[in-house]
Amino acid sequence: MTRHMKAALSAGWACAWLCVVPALLAGDCVIEGSVKFPSKMGAPAVSAAAAGRYKSLPPGAVGAAPPAAAVISLEGDFPVAAGDQAPTVQVGQKQFQFVPALLAVRKGTRVEFPNHDDEYHNVLSYSRAKEFDLGRYLKSEKPPVVMFDKAGVVELNCEIHEHMRGYVVVLDTPHFTTTDAEGRFRLAGLPPGKYTLKAWLNPKTIWQQPVELAAGAVLRVNFPPP
(Lines give C-alpha, C1' and ligand atoms only; values in the text may rest on other atoms or scores of the structure.)
Protein backbone atom coordinates (compact mmCIF):
# COMPACT_ATOMS: atom_id res chain seq x y z
CA MET A 1 0.00 0.00 0.00
CA THR A 2 1.43 3.36 -1.05
CA ARG A 3 1.81 6.36 1.26
CA HIS A 4 -1.00 8.19 -0.60
CA MET A 5 -3.34 5.21 -0.18
CA LYS A 6 -2.60 5.04 3.57
CA ALA A 7 -3.28 8.79 3.91
CA ALA A 8 -6.57 8.46 2.03
CA LEU A 9 -7.62 5.50 4.19
CA SER A 10 -6.78 7.41 7.39
CA ALA A 11 -8.77 10.40 6.18
CA GLY A 12 -11.69 8.12 5.40
CA TRP A 13 -11.71 6.68 8.92
CA ALA A 14 -11.47 10.18 10.40
CA CYS A 15 -14.41 11.33 8.33
CA ALA A 16 -16.45 8.31 9.35
CA TRP A 17 -15.71 8.95 13.04
CA LEU A 18 -16.57 12.65 12.80
CA CYS A 19 -19.80 11.79 11.01
CA VAL A 20 -20.83 9.25 13.65
CA VAL A 21 -20.11 11.35 16.76
CA PRO A 22 -22.57 14.19 15.95
CA ALA A 23 -25.24 11.59 15.24
CA LEU A 24 -24.71 10.02 18.67
CA LEU A 25 -24.75 13.38 20.41
CA ALA A 26 -27.86 14.40 18.49
CA GLY A 27 -29.72 11.48 20.10
CA ASP A 28 -29.18 12.79 23.62
CA CYS A 29 -32.23 14.21 25.36
CA VAL A 30 -32.64 17.09 27.79
CA ILE A 31 -35.14 17.74 30.57
CA GLU A 32 -35.37 21.22 32.03
CA GLY A 33 -37.89 22.93 34.25
CA SER A 34 -38.49 24.39 37.68
CA VAL A 35 -39.92 23.56 41.08
CA LYS A 36 -42.43 25.76 42.89
CA PHE A 37 -41.80 25.21 46.58
CA PRO A 38 -44.57 25.27 49.19
CA SER A 39 -44.57 28.51 51.16
CA LYS A 40 -43.48 26.76 54.38
CA MET A 41 -40.49 25.02 52.78
CA GLY A 42 -37.00 25.67 54.07
CA ALA A 43 -34.57 24.55 56.71
CA PRO A 44 -35.55 25.04 60.35
CA ALA A 45 -34.47 28.32 61.93
CA VAL A 46 -32.13 28.42 64.91
CA SER A 47 -34.26 27.80 68.00
CA ALA A 48 -34.33 30.28 70.87
CA ALA A 49 -32.63 27.73 73.12
CA ALA A 50 -29.86 27.16 70.58
CA ALA A 51 -29.46 30.88 69.94
CA GLY A 52 -28.69 31.38 73.63
CA ARG A 53 -25.71 29.06 73.32
CA TYR A 54 -24.11 31.23 70.64
CA LYS A 55 -24.24 34.63 72.41
CA SER A 56 -20.50 34.49 73.03
CA LEU A 57 -19.76 34.06 69.31
CA PRO A 58 -18.98 37.06 67.07
CA PRO A 59 -21.74 38.38 64.75
CA GLY A 60 -22.16 36.23 61.66
CA ALA A 61 -20.67 33.13 63.25
CA VAL A 62 -23.99 31.30 62.80
CA GLY A 63 -24.96 31.25 59.15
CA ALA A 64 -28.45 31.74 57.77
CA ALA A 65 -30.63 28.74 57.06
CA PRO A 66 -30.09 27.52 53.48
CA PRO A 67 -32.78 28.21 50.85
CA ALA A 68 -35.26 25.54 49.81
CA ALA A 69 -33.96 23.02 47.28
CA ALA A 70 -35.08 19.79 45.62
CA VAL A 71 -33.37 16.72 44.19
CA ILE A 72 -34.48 15.89 40.64
CA SER A 73 -33.88 12.33 39.46
CA LEU A 74 -34.76 10.29 36.39
CA GLU A 75 -35.78 6.77 37.40
CA GLY A 76 -35.47 3.87 34.97
CA ASP A 77 -33.39 0.89 33.90
CA PHE A 78 -29.99 2.39 33.09
CA PRO A 79 -26.90 0.27 32.39
CA VAL A 80 -23.81 0.79 34.55
CA ALA A 81 -20.76 1.56 32.45
CA ALA A 82 -17.64 -0.52 33.02
CA GLY A 83 -15.30 1.20 35.46
CA ASP A 84 -18.02 3.67 36.45
CA GLN A 85 -17.22 4.62 40.04
CA ALA A 86 -18.95 7.17 42.24
CA PRO A 87 -16.66 10.00 43.39
CA THR A 88 -15.89 11.12 46.94
CA VAL A 89 -17.75 14.34 47.81
CA GLN A 90 -18.06 16.57 50.88
CA VAL A 91 -20.67 17.86 53.29
CA GLY A 92 -19.00 20.49 55.43
CA GLN A 93 -20.01 22.00 58.75
CA LYS A 94 -19.60 25.72 58.36
CA GLN A 95 -21.12 28.57 60.37
CA PHE A 96 -23.08 25.95 62.30
CA GLN A 97 -24.86 24.69 59.18
CA PHE A 98 -24.43 21.65 56.96
CA VAL A 99 -23.03 22.81 53.61
CA PRO A 100 -24.65 21.74 51.39
CA ALA A 101 -27.76 21.08 53.46
CA LEU A 102 -29.11 18.86 50.66
CA LEU A 103 -26.79 16.54 48.77
CA ALA A 104 -27.74 14.05 46.05
CA VAL A 105 -25.33 11.17 45.43
CA ARG A 106 -25.29 7.91 43.57
CA LYS A 107 -25.27 4.69 45.55
CA GLY A 108 -21.70 3.75 46.39
CA THR A 109 -20.52 7.34 46.96
CA ARG A 110 -18.15 8.18 49.81
CA VAL A 111 -18.94 11.42 51.66
CA GLU A 112 -16.37 13.29 53.73
CA PHE A 113 -17.56 15.49 56.63
CA PRO A 114 -15.00 18.24 57.35
CA ASN A 115 -15.51 20.66 60.26
CA HIS A 116 -14.78 24.28 59.23
CA ASP A 117 -15.83 25.90 62.52
CA ASP A 118 -13.71 26.65 65.58
CA GLU A 119 -15.85 24.48 67.85
CA TYR A 120 -16.58 20.78 68.09
CA HIS A 121 -19.15 19.28 65.72
CA ASN A 122 -20.66 15.86 65.39
CA VAL A 123 -22.52 14.13 62.55
CA LEU A 124 -24.99 11.35 63.21
CA SER A 125 -27.94 9.67 61.56
CA TYR A 126 -30.56 7.19 62.67
CA SER A 127 -31.93 6.78 59.14
CA ARG A 128 -32.80 3.33 57.81
CA ALA A 129 -30.68 3.86 54.70
CA LYS A 130 -27.57 4.60 56.80
CA GLU A 131 -27.10 4.74 60.55
CA PHE A 132 -23.87 6.15 61.99
CA ASP A 133 -22.38 8.41 64.67
CA LEU A 134 -19.05 10.07 63.88
CA GLY A 135 -18.48 11.43 67.39
CA ARG A 136 -17.17 14.88 68.23
CA TYR A 137 -14.20 16.32 66.34
CA LEU A 138 -12.44 19.62 65.61
CA LYS A 139 -11.50 21.17 62.29
CA SER A 140 -7.86 20.29 62.97
CA GLU A 141 -8.72 16.59 62.89
CA LYS A 142 -8.96 14.41 59.80
CA PRO A 143 -12.53 14.52 58.46
CA PRO A 144 -14.38 11.21 58.81
CA VAL A 145 -15.74 9.50 55.70
CA VAL A 146 -18.95 7.51 55.27
CA MET A 147 -19.81 5.17 52.40
CA PHE A 148 -23.46 5.44 51.31
CA ASP A 149 -24.11 1.99 49.88
CA LYS A 150 -27.90 1.82 50.05
CA ALA A 151 -30.46 3.91 48.16
CA GLY A 152 -32.67 6.03 50.38
CA VAL A 153 -32.76 9.28 52.35
CA VAL A 154 -30.30 9.90 55.17
CA GLU A 155 -31.06 12.71 57.64
CA LEU A 156 -27.98 14.37 59.13
CA ASN A 157 -27.92 15.88 62.63
CA CYS A 158 -25.36 17.32 65.01
CA GLU A 159 -25.59 16.00 68.54
CA ILE A 160 -24.19 19.29 69.93
CA HIS A 161 -26.20 21.81 67.87
CA GLU A 162 -29.79 20.62 67.49
CA HIS A 163 -30.77 23.20 64.87
CA MET A 164 -28.30 21.73 62.35
CA ARG A 165 -30.02 19.45 59.88
CA GLY A 166 -29.17 18.14 56.45
CA TYR A 167 -30.07 15.37 54.02
CA VAL A 168 -28.15 13.01 51.76
CA VAL A 169 -30.42 11.55 49.07
CA VAL A 170 -28.80 8.33 47.83
CA LEU A 171 -29.98 7.36 44.35
CA ASP A 172 -29.78 4.24 42.18
CA THR A 173 -29.68 6.23 38.93
CA PRO A 174 -26.87 8.12 37.16
CA HIS A 175 -29.21 10.94 36.08
CA PHE A 176 -29.93 13.47 38.83
CA THR A 177 -29.32 17.05 39.89
CA THR A 178 -30.27 19.60 42.54
CA THR A 179 -32.28 22.75 41.86
CA ASP A 180 -30.58 26.13 41.94
CA ALA A 181 -31.55 29.11 44.12
CA GLU A 182 -34.46 29.89 41.78
CA GLY A 183 -35.79 26.32 41.79
CA ARG A 184 -34.59 25.60 38.26
CA PHE A 185 -33.02 22.37 37.03
CA ARG A 186 -31.59 20.80 33.88
CA LEU A 187 -30.71 17.19 33.07
CA ALA A 188 -28.75 16.60 29.86
CA GLY A 189 -27.24 13.62 28.05
CA LEU A 190 -30.31 11.47 28.66
CA PRO A 191 -31.21 8.40 26.55
CA PRO A 192 -34.53 8.29 24.72
CA GLY A 193 -37.30 6.26 26.32
CA LYS A 194 -40.06 6.22 28.92
CA TYR A 195 -39.09 7.01 32.51
CA THR A 196 -40.31 8.56 35.76
CA LEU A 197 -39.07 11.99 36.79
CA LYS A 198 -39.05 12.63 40.55
CA ALA A 199 -38.66 15.74 42.67
CA TRP A 200 -37.64 15.13 46.30
CA LEU A 201 -38.30 18.20 48.47
CA ASN A 202 -38.31 16.65 51.95
CA PRO A 203 -39.29 13.30 53.54
CA LYS A 204 -42.99 14.22 53.31
CA THR A 205 -43.00 15.88 49.88
CA ILE A 206 -42.04 13.80 46.84
CA TRP A 207 -43.54 14.58 43.45
CA GLN A 208 -43.25 12.43 40.35
CA GLN A 209 -44.60 12.20 36.83
CA PRO A 210 -44.03 9.96 33.81
CA VAL A 211 -41.97 11.34 30.94
CA GLU A 212 -41.22 10.15 27.41
CA LEU A 213 -38.00 11.37 25.85
CA ALA A 214 -37.56 11.61 22.11
CA ALA A 215 -34.09 11.52 20.54
CA GLY A 216 -32.51 14.97 20.42
CA ALA A 217 -35.52 16.67 22.04
CA VAL A 218 -35.76 19.08 24.99
CA LEU A 219 -38.62 18.33 27.36
CA ARG A 220 -40.00 20.97 29.72
CA VAL A 221 -41.29 19.68 33.07
CA ASN A 222 -42.44 21.76 36.02
CA PHE A 223 -43.30 20.66 39.57
CA PRO A 224 -45.72 20.21 41.22
CA PRO A 225 -47.37 18.10 38.50
CA PRO A 226 -50.59 19.50 37.03
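The values are calculated or read from the model by the stated rules, or taken from the named source; none is laboratory data. None of the values given here were measured: they were computed from a predicted structure. Quick reminder, even Gly has a Cβ in these numbers, built from the backbone with ideal geometry, and neighbours come from all protein chains shown.
Results for (1) among the small types (Gly, Ala, Ser); (2) touching a residue at least 24 places away in the same chain (Cβ under 8 Å); (3) closer than 14 Å to PHE132 by Cβ; (4) in contact with a Leu (Cβ under 7 Å, 6 or more places away or on another chain), shown as yes or no for each residue.
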| residue | (1), (2), (3), (4) |
| --- | --- |
| ALA151 | yes, yes, no, yes |
| GLY166 | yes, yes, yes, yes |
| THR179 | no, yes, no, no |
| GLY183 | yes, yes, no, no |
| ARG186 | no, yes, no, no |
| GLY193 | yes, yes, no, yes |
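Hey, which of the strands (runs of 3 or more DSSP E) in the range 73-155, taking only ones fully inside, have at least 1 residues that are buried (at least 18 other Cβ atoms within 10 Å of the Cβ), touching a Ser or Thr at 6+ places or on another chain (Cβ under 8 Å) and not small (Gly, Ala, Ser)?
102-106, 109-112, 145-148
What number goes with the only condition from (1) within 20 Å of VAL89 (Cα to Cα); (2) at pLDDT below 95 that MET147 does not pass?
Here MET147 clears every test but (2).
Hey, any hits in the range 206-221 for a residue that's charged (D, E, K, R) and outside any strand (DSSP E or B)?
So far as the range 206-221 goes, no, none of its residues is charged (D, E, K, R) and outside any strand (DSSP E or B).
Could you tell me how many of the residues in the range 156-170 are farther than 18 Å from GLN90 by Cβ and in contact with a strand residue (DSSP E or B) (Cβ under 9 Å, 6 or more places away or on another chain)?
Here the count works out to 4.
Name the residue that is surrounded by the most Cβ atoms within 10 Å (Cβ to Cβ), counting only residues in the range 156-177 that are aliphatic (A, V, I, L, M) and in a strand (DSSP E or B).
Of everything passing the filter in the range 156-177, VAL168 is surrounded by the most Cβ atoms within 10 Å (Cβ to Cβ).
Go through PHE113, PHE37, PHE78 for me and flag whichever is of a type in the set (Phe, Trp, Tyr), farther than 19 Å from THR177 by Cβ, under 20 Å from the mean Cα position of the chain (by Cα) and at pLDDT 80 or above.
From the options PHE113, PHE37, PHE78, the qualifying one is PHE113.
In the list GLY216, GLY189, which residue meets the criterion of being surrounded by fewer than 16 Cβ atoms within 10 Å (Cβ to Cβ) and in contact with a helix residue (DSSP H, G or I) (Cβ under 7 Å, 6 or more places away or on another chain)?
GLY216
Please determine, by comparing only the residues of the range 43-69 that are surrounded by 12 or more Cβ atoms within 10 Å (Cβ to Cβ) and farther than 19 Å from LEU156 by Cβ, which one is modelled with the highest pLDDT.
ALA61
Any chance the range 178-191 includes a residue that's closer than 25 Å to ARG220 by Cα, outside any loop (DSSP other than H, G, I, E, B) and either of a type in the set (Val, Ile, Thr) or touching a Pro at 6+ places or on another chain (Cβ under 7 Å) (or both)?
yes
Looking only at the range 192-201, which residues are in a strand (DSSP E or B) and either surrounded by fewer than 16 Cβ atoms within 10 Å (Cβ to Cβ) or at positive phi (or both)?
Listed by number, the residues that qualify are GLY193, LYS194, THR196.
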